[in-house]
Structure formats: structure tokens, C-alpha cells
Amino acid sequence: MFLAAGTSAASPPAICEALLGQTVAADQIGLPTRGARVISARMVRARGARGRATPAYCEVRGAIDPVDDAAPQIRFALDLPVAWNHKALMMGGGGFDGVIPDTGGPMLGEPFDHVVPPLLRGYAVFASDSGHQAVPGAAPIPAVDAAFAVNDEALANFGGAALKKTRDVAIKLMARAYGQTPDRTYFAGGSNGGREGLLVAQRWPDDFDGVIVAFPFWNAGTTALTFGAVMNGFAAPGAYLPPAGQALLFDAVMARCDGLDGLKDGLIANVDACDFDPSVLRCAGPAKDTCLSDPQILALRRYDAKISYPYRTRGRERSYPGFPVFAGADLRGDQQMASTLPAHPAVATMPVIAHFWDQFARFVIARDAGFNPLALDPEHPGRRVGRINQVVDLLDADSVDLTRFKARGGRLILYHGLADPIVSPRSTAAYWNRLQTVMGTDAVGGFARFYVIPGYGHGPAGLSAFNPAWDAIGVLEAWVEEGVSPGPQTIADVGPKARSRPLCEYGTWPRYDGRGDPMLASSFRCVVGM
């Protein structure tokens, strides 16, 4: 029902139309704003187009006004299905945000023909741009535009404040449309949206009943510094790895480690046993298509290795554990190492994490559009150390005290691809290990799960050997609403190969049994050790 039974005889179109122009007062929002208003509200008819079915719903779009007149608004979307299931789901963003996620689409980019989107399930779905609007063309990917960060309120909104503000406004509007607030509210996000998911569990545990976190950019400030350290390495003379070198490295790593899980299938599952040494590709002199130069190998080792930041005085994060570039991360393609070296001014064809560093250094740290990011060494930042500390403290979601979230029945599902070259799975493992240390292994097992996926890169936009789909929201619902803890899970590869694998918890990996159909999950079991 669109409105709780017996509350009104008005039709859904009339109720939807009545939302247009409605406001939410500042004192009804948990953090400082000047209130919110609905800018548009229209009914969308149900459609059953193959691969993109949607129900009948009211499409609401609005804005939350900042306290600072110079700050951008928070633009939000709220989709209210006529056949409501009395639940709500907030979608997280990506990159530096600046773009409202597709609230009518699949969660975390999973395809319609494998996972039913939240809106089609009957969820009221909402999201925001986190408090700024990315300028098309400012960066090769809209969500990499960080020019907003020169404003303190806009940066604080991106840091997390916009999550609370958007949630409070959305809940108020749901109450007006349906005559009641949702019985359950969930959150799902990947990359920066994963950081946002951990933030809501940490800071506002009473607002969400369950959270799905994928490949989280949880320590965003520290990770961005690491992007700088890595990209400065590739900017050194002769160090950049062009497409031929990217392919050479990937093929060599796969040849060395693909079969360590009992099957050569293009996936490295037993990453701990993968001992690839890039020196086997070393040239005697300059790089060629068939070998790598010493500067290239040095830059790659820097990408793989732990980087420490001993100067930190306030931030809790003092290091980053490196990326799996010698264990299956695929650096090929426009979304990875691209085709030209990091440069200033930035060029569209340089690596995506070089663009992140360019925007982060210029707008978040220096707050100077003309600043040269390649002139800043994140490990030895000199006079900029104070500003870096401020930024890291604001952006890193590094608290692992989820006691309140657990106590009120909150549940957390976390997953990460083992081949991610943009947000390292090692970093998520560090968060998980810290969570278990602080809260206790048994306590964590009572409310959280962490899964790892071989061959999966940085989400559906990345180049992945395995592109997973599984009903994470269904698993979370059963856990929260029925008390059914997640049992063994199976994931489908929705890439070119129609195969399945068991979804293994962190600390285990899928070993082939040597006999069954290698395309089926039933032929694998999750094992511990190398």
C-alpha cells in the first residue's frame, strides 16, 4: 500500500504529487543544515522491459541546504514504490561522490538478470551525492572531481555528515508518503560507499539494521596518500608501465600462481602461496615489450609493498599494506594503469589512481587548483603535515568499536576481491583483524561476516577475471529479520564465463577437488592454509 492501510483514500499519484514542494525543517535533521525541500515528485509507471524491470513508484528528488551559503547543497533521490515492503535501503556512492547513485538500479552494480534490485523488491531506496555536484569533464570519471573540498562544510559532508542528513530527510518523507516509518533500514555500498557503510555503523548505529560493505575505501585519507606515493614512483624517469608491460606482468603472475588452487582457471585463489618475483622479467637495460627495466620493477615493488607514514601525530592510520600486484591484480586497461604516465597538469590517459591523487593533493590538501601533486611526497610532506593530519582524521573510518551496532541487533556483511588494484584487500583484512582484536573473535562472528573473492577487481567497472553476483541483501534480511546466520554461500560469475564458486570467508580459499566440473561451485571447498 502507498500509505498505511486506512490512513487516506488518496491515490498514489495524488500522494506523490502532494510531496512536491514539501520541506523538512532543520530541527528535524540530526546534523546542522538549513532544512530540506522536495524539488520534484512524479509517478513512474511499472515496466517489465527485459533486463530493467521496475515497479510503479514515486520518484522524489530534493536538496538539503547547507549552513554555509558558499557550500553546495546535498542533492538526494528517494524512490517510493507503491507496493512497499515496509523497508528502506540507502545506497552509498563511489570515488569522491558528486553523483547520485542509480536508486532504481541494481545494488552495487550487479546485473538485473542475476540479482533483483532493491526497488523491485519493494524497498524505498534513497541516496545522495554527499553534498556536491561533480562537474562533467573535470576528471575522466565524474566521481573523481574533488574541487568541492576547498569548502569546509562540503568536505565534512563528504567525510560522512551527508549520510546522516540524507537519512533523516528520507525517513521523514517516507513517513509522510506511507503514514509510517520503515520497519527496517539497510545500507549498501562499495568502494567509498563501503567506507560510508562502515561510517553509519560506527557513528549512527541506531539508524541502520544491517550494512553491506564491498571493497571499502574505509581509510580514504591514508589510501589517497598511498596513491600519491605509488604514482610518484611511476612518474620517475623510465618507471611507468605501459600497456605492453602491464600485459607482460599479468601473464607472468598468472603463469606462476594460477594453478596453486588446484586448477588453472584464470583465478588466483591461493594468494598466500603466490611468491612471484618481478625480477624474473628484468631487462639488462631499457624496458622492452618482453621485459621490464629496473625503474619499472622498483615502482612495481613500491605498489606492492607496505608504505609507512611515521610523521602522523593525530591520525590512527600510520601505514598502508600495499596492493596485490604480484598476486593477480590486473593493471591493464583504462580503469587501472591506463596508457600514459602520471603528469602535471593531469592528462586523461594517466592511471585512475593518479587522477585521485591529483584531485586529492590539489583540492583536499593544498586547496590550490594550480598545485603540482608530483611535488608532494606523502612520506615526507614537510609543512603540509598538519593539513594532512586534519584530512586523514576526517576521512578515515578507522574506528572498530561497533559495540552499539551489535548490541541493537545490527548485522554487517563485508566482501572484497583479492585482485583489487585500487583499494587493497589487504587493507580490508587489516580492518577485520583489528575489529576481531578489539571486540573479540566470537563477538564479531555473532554479527559480521567477511568474504573474499578470487579474481575480482575493483567492482563491476574494473577489469576482473571473476565478476560475482549473489543475493547479499537476501542473506542480510534473513540474518536481521529471522535470526538465520549466513551459511555456505555460492556466487555466480556474470562475466563471459558462466561459472560458480563457493564464497569463502576470509582466512580460507576455494580449492578445486580435482574431479568435479570446474565450472560448478560444488567442485570446490573452502580450505585454510597454503
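The values are calculated or read from the model by the stated rules, or taken from the named source; none is laboratory data. It should be emphasised that the depicted structure is a prediction, and the values quoted were computed from it without experimental measurement. Counting neighbours? That spans all protein chains shown, and the Cβs are built from the backbone with ideal geometry, glycine included.
Test each condition in (1) crowded, with 24+ Cβ neighbours inside 10 Å; (2) without any contact (Cβ under 8 Å) to a residue 40 or more places away in the chain for G137 and report the one that comes out false.
Single failed check for G137: (1).
E477 - would you say it is of a type in the set (D, E, K, R), crowded, with 18+ Cβ neighbours inside 10 Å, over 29 Å from G259 (Cα atoms) and not assigned by TED's automatic domain parsing to the domain that holds A269? Walk me through it before giving the result.
Working: of a type in the set (D, E, K, R): yes; crowded, with 18+ Cβ neighbours inside 10 Å: yes; over 29 Å from G259 (Cα atoms): yes; not assigned by TED's automatic domain parsing to the domain that holds A269: yes.
The answer is yes for E477.
Count, please, the residues in segment 26-50 that happen to be part of a strand (DSSP E or B), of a type outside the set (V, I, T) and exposed (fewer than 15 other Cβ atoms within 10 Å of the Cβ). So that I can check it myself, show each step before the final result.
Looking only at segment 26-50, we keep the residues that are part of a strand (DSSP E or B), and these are 36-44, 47.
Next, only the ones that are of a type outside the set (V, I, T) stay: 36-37, 40-43, 47.
Still in the running and exposed (fewer than 15 other Cβ atoms within 10 Å of the Cβ): 40, 42, 47.
Of the residues in segment 26-50, 3 are part of a strand (DSSP E or B), of a type outside the set (V, I, T) and exposed (fewer than 15 other Cβ atoms within 10 Å of the Cβ).
So which of V475, V527 ends up being more than 22 Å from the chain's Cα centre (by Cα) and within 24 Å of W432 (Cα to Cα)? Let's see the steps before the verdict.
On the way: V475 fails: more than 22 Å from the chain's Cα centre (by Cα).
Going through V475, V527 in turn, the sole match is V527.
Please specify each residue of segment 445-474 satisfying the condition of being crowded, with 21+ Cβ neighbours inside 10 Å, hydrophobic (A, V, I, L, M, F, W, C) and either assigned to a strand (DSSP E or B) or free of Cβ contacts under 8 Å to residues at least 12 places away in the same chain (or both).
A448, F450, V452, I453
Just for segment 209-259: of the residues that are out of contact with any Lys or Arg (no Cβ under 8 Å at 6 or more places or on another chain) and without any contact (Cβ under 8 Å) to a residue 24 or more places away in the chain, which one is surrounded by the most Cβ atoms within 10 Å (Cβ to Cβ)?
R256
Could you go through segment 109-122 and let me know if any residue there is in contact (Cβ under 8 Å) with a residue 12 or more places away in the chain, closer than 30 Å to D396 by Cα and in contact with a Phe, Trp or Tyr (Cβ under 7 Å, 6 or more places away or on another chain).
Within segment 109-122, not a single residue is in contact (Cβ under 8 Å) with a residue 12 or more places away in the chain, closer than 30 Å to D396 by Cα and in contact with a Phe, Trp or Tyr (Cβ under 7 Å, 6 or more places away or on another chain).
Kindly indicate whether Y309 is among the hydroxyl-bearing types (S, T, Y), surrounded by 20 or more Cβ atoms within 10 Å (Cβ to Cβ) and at pLDDT 95 or above.
Working: among the hydroxyl-bearing types (S, T, Y): yes; surrounded by 20 or more Cβ atoms within 10 Å (Cβ to Cβ): yes; at pLDDT 95 or above: no.
The answer is no for Y309.
Residue-wise test of (1) at pLDDT 95 or above; (2) over 19 Å from E153 (Cα atoms).
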residue	(1), (2)
G35	yes, no
R52	no, yes
V67	yes, no
P81	yes, yes
F96	yes, no
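Which of the strands (runs of 3 or more DSSP E) contained wholly in segment 53-117 include at least 1 residues that are more than 25 Å from the chain's Cα centre (by Cα) and of a type outside the set (A, V, I, L, M)? Step through it out loud before you land on a result.
Details: elements: 57-64, 74-81, 87-91.
Of the strands (runs of 3 or more DSSP E) lying wholly inside segment 53-117, those with at least 1 residues that are more than 25 Å from the chain's Cα centre (by Cα) and of a type outside the set (A, V, I, L, M) span 57-64, 74-81.
For R362, which of the numbered conditions (1) outside any loop (DSSP other than H, G, I, E, B); (2) farther than 21 Å from G94 by Cα; (3) among the basic types (K, R) fails to hold?
Only one criterion is unmet by R362, namely (2).
Quick check on segment 80-98: of everything there that is surrounded by fewer than 24 Cβ atoms within 10 Å (Cβ to Cβ) and touching an Asp or Glu at 6+ places or on another chain (Cβ under 7 Å), which residue is farthest from V116 (Cα to Cα)?
Residue satisfying both the conditions and the ranking: H86.
Can you confirm whether G370 is modelled with pLDDT under 95 and not aromatic (F, W, Y)? Steps first, answer last, please.
Working: modelled with pLDDT under 95: no; not aromatic (F, W, Y): yes.
Here the answer is no, as G370 does not meet what is asked.
With the structure loaded, tell me whether T340 is in contact with a Ser or Thr (Cβ under 6 Å, 6 or more places away or on another chain), surrounded by fewer than 14 Cβ atoms within 10 Å (Cβ to Cβ), assigned to a loop (DSSP other than H, G, I, E, B) and in the same structural domain as D265 (by TED's automatic domain parsing) or whether it fails that test. Show your work before the answer.
Details: in contact with a Ser or Thr (Cβ under 6 Å, 6 or more places away or on another chain): yes; surrounded by fewer than 14 Cβ atoms within 10 Å (Cβ to Cβ): no; assigned to a loop (DSSP other than H, G, I, E, B): yes; in the same structural domain as D265 (by TED's automatic domain parsing): yes.
No.
Pick from A375, A346: which is buried (at least 17 other Cβ atoms within 10 Å of the Cβ) and farther than 18 Å from S308 by Cα?
Answer to the selection: A346.
Scan segment 130-147 for residues that are within 20 Å of the chain's Cα centre (by Cα) and part of a helix (DSSP H, G or I) and jot them down.
Matches in segment 130-147: P142, A143, V144.
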